[in-house]
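Since the structure comes first, as structure tokens, the remarks are kept for the end.
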Amino acid sequence: MLVTQFLLLGALLFCCGIYGVLARRNAVMILMSIELMLNAVNINLITFGHLHGDIGAQVFALFVIAVAAAEVGVGLAIVLLIYRNRSSVNVEDLDLMRG
Amino acid sequence: MLENAFIIPLIPAISFVLILALGKRLKGGAAAHWIGIAAVGAAFVLSIVAAVQWIDRSEDAASGDSHAAVVEVEDGDHAEGAAGGGSGTTLLATEADGEGEAGHAPTAQPVISQITWLQSGGVEHKVGTYVDGLSVLLLVVVSTVSLLVHVYSTEYVKGDRRYVHYFAFLSLFTASMLFFVLSSSILQMIVGWELVGVCSFALIGHWWEEGENSNAALKAFLTNRVGDIGLLIGMIILFFAAGTFDVFTINDMIAHGEIRHLLLLIAALALTAAVMSKSGQFPLHTWLPDAMAGPTPVSALIHAATMVVAGVYLVARLYPVFYDGYAIQSSSFNILAITGGFTALMAAGLAFAQWDIKKVLAYSTVSQLGYMVMALGVGAWTAAVFHLFTHALFKACLFLGAGSVSHASHHTFDMRKMGGLKKDMPFTFWTFIISSLALAGIFPLAGFWSKDEILVGALEGQSTGYPVMLILGCAVAAMTAAYMTRVIWYTFFGEYRGEGHPHESSKVITIPLMLLAGGAILGGLANLPTPVAEKIGIKGFAHRIETYAEPIDFLEPLGFSVAAPSLGMALVGLGLALFGILVTYLYFWRDMGPHGLTERNRYAKAGYAFLENKYYLDVLYTDIIVGSIKRPIAKATYWFNQNVIDKIVNTAGEGARDGGKWVYKYIDQGLVDGAVNGAGATANASGEGLRLVQSGKVQHYGALLFGSAAVLAIIFVIVI
């Protein structure tokens with residue numbers, strides 16, 4: 001098995017995620033991109049776990065998946081509230097922190 | 001019972017918890033004593049069982065049919081309620097090795113049951129029980145006296161505001177003392193030693209509302225701390241010398257000369273300090289008379305019969321350490337013997353000048369403890385243990401008698417407010433007389449036999465006699481008889497000088513007195529000399545304590561020998577005691593001798609004041625030692641405070657004021673204001689610049705984050 005192939009897959013997925021987070025305007029799409037990044041991390045974990053013959057990495061990946069699910073739950077709730085208040089999920093409109 | 005001896009201290013320990021938890025609910029606390037009495041009664045019965053089994057074991061060993069002297073080392077469910085399956089491994093070890101060399105009858109080996117407590121640095125620390133003649137004897141003494149004191153207390157402290165608390169601590173004390181005498185390792189001994197100290201503290205301060213009592217408790221505790229340092233040091237030295245905390249192994253190694261003499265000497269010296277504090281030896285005895293602030297039954301149990309002999313027990317248990325360390329075999333003078341002898345003499349002198357009946361008894365206790373320590377110092381092991389046994393019986397009786405007297409005469413302990421109680425309190429009077437005669441050493445009561453053995457021990461010594469100790473011992477024998485006669489005169493004869501009408505105490509009080517007085521009469525049977533036992537036709541009953549308790553296997557290789565009884569010495573001891581009684585009798589009853597000498601003669605007055613003030617030892621401790629350390633330090637500190645610190649503070653203040661003006665003018669107005677204004681302006685300008693970065697858009701921030709992470713990653717890759 002070529003470890004590099006999986007690592008490249010992980011890196012590619014991560015870059016896709018970063019692109020989505022930075023370039024998308026829709027908050028829901030940004031959340032989905034974050035999921036992509038988390039999964040890239042999972043792939044890395046499992047790859048290295050396999051390399052070292054350590055089952056612990058897979059357990060860790062399962063934890064990441066569980067935490068990601070919770071995170072999406074919270075994130076979507078926030079997005080829903082933003083939509084109710086502003087009738088929009090465009091992150092361009094959300095610049096209350098502007099200096 | 002010998003293997004499962006841990007049950008004996010466990011029962012009163014459980015009783016302690018039960019009394020604390022349930023005591024108040026039993027008739028509002030008024031029935032709390034039943035738990036304690038039941039537990040101590042059970043411990044008493046089991047102690048008797050253990051004693052009988054030990055005697056059987058000794059007889060078997062002596063008749064030779066159990067050649068395999070057994071030392072049992074068990075890992076498993078034994079000791080202190082530890083659970084778990086018993087994978088008992090029984091080792092047949094150390095087959096009576098004294099047999100061949102010395103030619104005495106094989107003695108029973110101690111029964112040791114142990115579990116591993118903890119493992120550290122490859123050394124296993126074990127706890128468990130060590131049952132031999134000595135510990136069995138102590139078990140019987142402690143549980144007997146404790147049981148009688150429990151019964152007595154139900155009347156004596158009836159209606160006390162801390163009745164439940166009182167019985168809880170009596171239980172805990174009994175448990176701790178039983179635990180202490182069964183210790184199989186010196187580490188365990190330290191635990192027991194401290195536990196009895198805590199109980200003593202709590203019970204001395206039982207009526208802590210009065211400052212005097214709580215001070216006495218503190219004094220007892222703190223004085224004991226001084227000796228505890230010695231205990232710790234001694235035990236640590238023994239541990240590093242022997243590589244184990246195990247009592248049996250340590251004694252065995254010393255018996256075979258495997259530990260260097262110098263180490264043993266240092267350990268013995270350190271442990272002697274511990275004995276001084278716990279057993280009230282000069283110069284750390286001052287706490288014991290003050291400890292009489294506690295309830296009288298407590299004084300009888302803890303400060304006369306059991307706890308204060310912990311020091312004597314410690315020496316007896318680790319006797320090879322002292323025997324080899326002080327070279328008792330070949331010398332005729334050592335620290336232990338002179339400490340004991342001097343304490344005995346000094347305390348006997350003090351007992352003459354006290355008006356508090358309990359204080360007289362307290363000094364008498366100190367004096368008798370000195371006797372025991374002296375006996376150990378001159379190599380009379382059995383005599384010391386025998387005296388411990390008899391003394392516990394008659395001194396407990398005397399203390400309980402004093403309590404009964406005080407109960408009758410309006411709760412005072414001042415002998416000037418007693419007198420003439422003979423006709424009102426016949427039971428108390430007769431038991432008191434019997435115990436006093438036993439203490440004085442009058443034939444054939446218990447004290448006669450044990451005191452005689454100590455004097456013979458000092459006369460014959462080991463390879464040489466101990467003349468100094470013999471003289472001290474003889475002087476004390478006469479003095480003891482004299483001061484006890486004085487107490488009896490003031491308490492029971494003459495006219496009643498107190499308030500109210502004295503009355504005999506109830507049966508709950510007099511029956512323990514009678515039982516203990518019976519012990520004071522018959523206690524001597526425990527170790528009768530052979531010639532006497534032959535005369536009265538119980539030859540097989542001679543030297544029982546010596547036969548059952550003496551750790552001869554440890555001591556024989558070191559050259560230990562037992563002094564033969566001597567009729568001459570017995571007559572001298574008896575004569576001295578009778579002389580003491582006679583002189584006091586003539587002085588008080590027949591009104592002979594120099595009465596009022598202390599008022600008329602300046603020197604006699606000074607001497608009396610010297611005694612009355614306890615040789616000024618308390619003054620020495622509190623005023624001179626503490627004072628000399630405290631006062632100059634306080635003075636120096638005050639001077640330092642006034643002259644140095646104040647000056648520095650004042651100078652600093654003035655300097656600061658002048659400096660402040662200058663600083664205001666130039667630094668504050670010029671430099672600081674300028675800097676502050678400048679900083680504000682700079683911040684404003686930079687903020688304007690940075691404002692552009694703060695777009696408020698999350699994605700901007702994200703882009704910056706990832707961008708900088710990428711830059712750092714690139715640097716990382718290039719550099720590494």
Expressed in angstrom, Rg and Dmax over the Cα atoms of the stretch B:491-550 are 19.2, 53
How tilted is helix B:567-588 with respect to the longest principal axis of chain B? Cα atoms for both, answer in degrees (0 to 90, nearest 10).
80
Among B:His303, B:His150, B:His165, B:His501, what is the fewest-to-most ranking by other Cβ atoms within 10 Å?
B:His501, B:His165, B:His150, B:His303
If you take all C-alpha pairs in chain A, what percent of them are over 16 Å apart?
63
Residue by residue through the stretch B:221-235, the couplings from Karplus 6.51 cos²θ - 1.76 cosθ + 1.60 with θ = phi - 60°, in Hz, x for Gly and Pro, are 5, 5, 4, 5, 4, 4, x, 4, 4, x, 4, 4, 4, x, 5
How much length, in nm to one decimal, is gained on full extension between B:Trp662 and B:Lys647, taken as 0.36 nm per residue of separation minus their Cα-Cα distance?
3.1 nm
Across B:557-569, the residue-averaged tally of Cβ atoms belonging to other chains within 10 Å stands at 0
Ranked from highest to lowest mean number of other Cβ atoms within 10 Å per residue, what is the order of the peptides B:205-212, B:654-661?
B:205-212, B:654-661
Placing +1 on the Cβ of each Lys and Arg and -1 on the Cβ of each Asp and Glu in chain B, which of B:Asn684, B:Ser143, B:Tyr363 has its Cα farthest towards the positive end of the resulting dipole?
B:Asn684
Average other protein chain Cβ within 10 Å of Cβ, residues B:690-697:
3
Gyration tensor on Cα atoms of the stretch A:25-80, a ≥ b ≥ c root eigenvalues, a/c under 1.5 rounded, else prolate if a/b beats b/c, else oblate, says oblate
Dipole in debye (nearest 20) - the stretch B:103-169, about Cα centre, beta carbon charges: Lys, Arg +1; Asp, Glu -1
240
If I model a spin label at B:Ser120 and B:Trp207 as a point 7 Å from the Cα along the Cα→Cβ vector, what separation in nanometres do I get?
4.3
Taking Cα pairs under 8 Å and at least six residues apart, what relative contact order does chain B come out at, in percent?
11
How much mean residue ellipticity at 222 nm does chain B get from its helices, if each DSSP H run of length 4 or more adds -39500 (n - 2.57) and you divide by all residues, to the nearest 500 deg cm²/dmol?
-21000 deg cm²/dmol
Relative packing of peptides B:668-678, B:465-475 - highest average C-beta neighbours within 10 Å first
B:465-475, B:668-678
Kindly rank A:7-20, B:223-236 from highest to lowest mean number of other beta carbons found within 10 Å of each residue.
B:223-236, A:7-20
Rounded to the nearest 500 deg cm²/dmol, what is the calculated helix-only ellipticity per residue at 222 nm for chain A, with -39500 (n - 2.57) per DSSP H run of length n ≥ 4?
-28000 deg cm²/dmol
Let me understand the protein assembly as shown better: what is its radius of gyration from the alpha carbons, and its Dmax, in angstrom?
39.7, 122
Dipole moment magnitude, nearest 20 debye, the protein assembly as shown about Cα centre, only Lys, Arg, Asp, Glu C-beta charged:
3100
Helix B:7-22 vs. chain B, principal-axis angle (Cα, 0 to 90°, nearest 10)
60
Degrees, to the nearest 10: B:33-63 long Cα axis against longest axis of chain B:
60
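Values quoted throughout were computed directly from the atomic coordinates according to the rules given, and no laboratory measurement underlies them. All values reported here derive from a predicted model rather than from experimental measurement. Backbone-built Cβ (ideal geometry, glycine too); neighbour counts: all protein chains shown.
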